[in-house]
Amino acid sequence: AKRTVSRAELRLQVAQFAAALRQAGVVPGDRVAAYLPNLPETMVAMLAAASIGAVFTSASPDFGVQGVLDRFGQTEPKVLIACDGYWYNGKASDLHAKLAELIPQLPSVQRLILVPYLDEDTEALAAQLPKAVSYRRFVAPHAAVTEPEFIPLPFDHPLYILYSSGTTGVPKCIVHG
């Protein structure tokens, strides 16, 4: 699947997602984790987190539950953004079972935001998972927000937590603004 997002559309989506994160209680220094493939929503989440001073981290959806726990367990995200599934080698992989197993083991997660990828309707899946809400429902109350607000932060405030491809999941790089 390929989608194109204009700069203006990206800016608008970042503004709305950042407003939704703030309303969800995300403050500077909180972690926002993405369990997503390469989607526009992944970039939106990363830029929105950065704009409000949250620290962004991510893992590929093809990681197993333990691999995700090894990474996100040590960063303790307040918000987890995940897709309903992903495509690999022409085959669809549903993430429902992984998410159902993962969320109870990440007690820091206060909100799971579900991005549609395999199915445009994530409402039914959100109803089955604890702390879950669809991406559309999460940002809907902020439709009137048109510009992102950027929180000024010190130069050494962390921006991302990246991991090596090793099996331990130990953060190898923390990128500062």
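Of all residues in segment 26-72, those satisfying the criterion of being open to solvent by 40 Å² or more (accessible area, probe 1.4 Å) and of a type in the set (Gly, Ala, Ser) are 58, 60. Within segment 86-122, if we keep just the residues that are open to solvent by 30 Å² or more (accessible area, probe 1.4 Å), among the hydrophobic types (A, V, I, L, M, F, W, C) and touching a strand residue (DSSP E or B) at 6+ places or on another chain (Cβ under 8 Å), the residue that is nearest to residue 132 (Cα to Cα) turns out to be 118.
Residues checked against (1) among the hydrophobic types (A, V, I, L, M, F, W, C); (2) part of a strand (DSSP E or B):
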position: 22; (1), (2): no, no
position: 33; (1), (2): yes, yes
position: 86; (1), (2): no, yes
position: 92; (1), (2): yes, yes
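Only one of 77, 61 is closer than 20 Å to residue 121 by Cβ, under 14 Å from the mean Cα position of the chain (by Cα) and in a loop (DSSP other than H, G, I, E, B). Can you tell me which? Selected residue: 61, the only one of 77, 61 that is closer than 20 Å to residue 121 by Cβ, under 14 Å from the mean Cα position of the chain (by Cα) and in a loop (DSSP other than H, G, I, E, B).
Of a type in the set (Phe, Trp, Tyr), touching a helix residue (DSSP H, G or I) at 6+ places or on another chain (Cβ under 6 Å) and either farther than 24 Å from residue 154 by Cα or touching a residue at least 12 places away in the same chain (Cβ under 8 Å) (or both) - does that describe any residue in segment 50-68? Taking every residue of segment 50-68 in turn, at least one turns out to be of a type in the set (Phe, Trp, Tyr), touching a helix residue (DSSP H, G or I) at 6+ places or on another chain (Cβ under 6 Å) and either farther than 24 Å from residue 154 by Cα or touching a residue at least 12 places away in the same chain (Cβ under 8 Å) (or both). Confirm whether residue 122 is of a type in the set (S, T, N, Q) and modelled with pLDDT under 90. So residue 122 fits the description; yes.
The values are calculated or read from the model by the stated rules, or taken from the named source; none is laboratory data. What you see is a predicted model, and the numbers here were worked out from it, not measured in a lab. Virtual Cβ from ideal backbone geometry, glycine too; neighbours counted across all protein chains shown. When the accessible area is computed, the model is the full protein with side chains, heavy atoms only, and any ligands, DNA or RNA have been set aside. Shrake-Rupley method; radii C 1.70, N 1.55, O 1.52, S 1.80 Å.
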